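**Q** Handing you a structure now.
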Amino acid sequence: MTTVADVMTTEVHTLHPDATVGALRDLLHVLGIGSVPIIDETGIVGMLTATDVVEDWAPDLPLGTLMRDEVHTVPPTTSVESAARTMRERCIHHLVVT
């Protein structure tokens, strides 16, 4: 069985809710990634994707005002099939592996 651990990206880039839309756009562009978990001292508090910042949001707008606070997570031992099913059922493109 192929697990999420077998296919996941291990170099995760995160931002704080106080970071700005401009910082997120720069990070997505420079690294060629599509999503960033938003974290604070308590852990993962949100998620933002490239799709979330396509609109003409002000570059200095804090991410905390835009982020979705419902973050879908799976453990690394989850099968790829189960993770794909979760993504399909919830209409999402990114999962955070915890």
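The values are calculated or read from the model by the stated rules, or taken from the named source; none is laboratory data. This is a predicted model, so every value here is computed, not measured. A quick note on method: Cβ atoms are made from the backbone with ideal geometry, for glycine too, and the neighbour counts reach across all protein chains shown.
**Q** Taking segment 59-80 as the region of interest, how many residues are at pLDDT below 95 and of a type in the set (A, V, I, L, M)?
**A** Qualifying residue count, segment 59-80: 3.
**Q** Does ILE44 satisfy the criteria of being without any contact (Cβ under 8 Å) to a residue 40 or more places away in the chain and not acidic (Asp, Glu)?
**A** no
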